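One structure is given below, encoded as structure tokens.
The values are calculated or read from the model by the stated rules, or taken from the named source; none is laboratory data. What you see is a predicted model, and the numbers here were worked out from it, not measured in a lab. Backbone-built Cβ (ideal geometry, glycine too); neighbour counts: all protein chains shown.
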Amino acid sequence: MNPFLPSDTQLVSNLANGDRKAFRDLYERYQEEMYRLALRKTHEKEVAEEIVQDVFVNLWENRHQAEIGLIRNYLLRSVRNKVLDYVRAQIVRRNYAREFASRAEEFGNTTADLLALHELSNAIDTAMRTMPEKTKEIFQLNRREMLSAGEISKLLSLPKRTVEYHITVALRTMRTALKDFLPLWIVLFSS
């Protein structure tokens, strides 16, 4: 390592004090390695770039309270966790698409029916995008993977009350976003 460059330990210390240059230096030092790891795991450039950006945004936002230790390990572990989140979300999306397709077949295939289903799907996706990440993850585990609050609590190492809170927030968001689709929602998702 260049003796004129600050050490990782010094950069982390400066970062905790809000030093933007330390943040930039860490980004320049580790961004490429993180990107290669994310790309190797996801095989998608845009996804890999987004994962790296998310990790650095989280690093900046949590700079005061994060227990970092060795920054390289912290960043690479964060990338791996984000990749796992991405893979889980992809599995949920595939399961949702299969479920949606089977429900669409049950519901009917007239143009009006298919258009209504498409509009409902878009409204659900839009509502999901407005949810905080943790709320969205818990909602998907609860409603799409059919896990109970207790199971989610164990899986994510969160208190059960926290999981229940996120489910309540997600349902409130969905109710508000889908109020115009209520009759269709009942037909499709009441089983």
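In region 11-25, the qualifying residues are those that are touching a residue at least 12 places away in the same chain (Cβ under 8 Å) and either not in a loop (DSSP other than H, G, I, E, B) or not assigned by TED's automatic domain parsing to the domain that holds I71 (or both), and the one that is surrounded by the fewest Cβ atoms within 10 Å (Cβ to Cβ) is A16.
Just to be sure, is R36 of a type in the set (K, R) and either under 14 Å from V79 (Cβ atoms) or in contact with a Phe, Trp or Tyr (Cβ under 7 Å, 6 or more places away or on another chain) (or both)?
Yes, satisfied.
I want to confirm something. Restricting to region 129-166 and keeping residues that are modelled with pLDDT under 85 and aliphatic (A, V, I, L, M), which single residue is surrounded by the fewest Cβ atoms within 10 Å (Cβ to Cβ)? It comes out as M146.
Contact annotation: no residue pair with Cβ atoms under 6 Å, 6 or more positions apart or on different chains, pairs a residue in region 163-191 that is in the same structural domain as M146 (by TED's automatic domain parsing) and at positive phi with a partner that is surrounded by 13 or more Cβ atoms within 10 Å (Cβ to Cβ) and modelled with pLDDT of 80 or more.
Each row is one residue, and each column tells you yes or no for (1) outside the structural domain of K134 (by TED's automatic domain parsing); (2) surrounded by fewer than 17 Cβ atoms within 10 Å (Cβ to Cβ); (3) outside any helix (DSSP H, G or I).
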site: E33; (1), (2), (3): yes, yes, no
site: A38; (1), (2), (3): yes, no, no
site: E49; (1), (2), (3): yes, yes, no
site: V52; (1), (2), (3): yes, no, no
site: V57; (1), (2), (3): yes, yes, no
site: E67; (1), (2), (3): yes, yes, yes
site: Y74; (1), (2), (3): yes, no, no
site: R80; (1), (2), (3): yes, yes, no
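With respect to being free of Cβ contacts under 8 Å to residues at least 12 places away in the same chain and either part of a helix (DSSP H, G or I) or under 23 Å from L155 (Cβ atoms) (or both), E28 fits the description. Taking region 8-39 as the range and being closer than 14 Å to G69 by Cα and among the charged types (D, E, K, R) as the test, only D8 passes. Pairs meeting the criteria (first residue in region 148-162 and without any contact (Cβ under 8 Å) to a residue 60 or more places away in the chain and within 15 Å of E137 (Cα to Cα), second residue assigned to a loop (DSSP other than H, G, I, E, B) and aliphatic (A, V, I, L, M), beta carbons under 9 Å, at least 6 apart or on different chains) are I152/L158; L155/L147.
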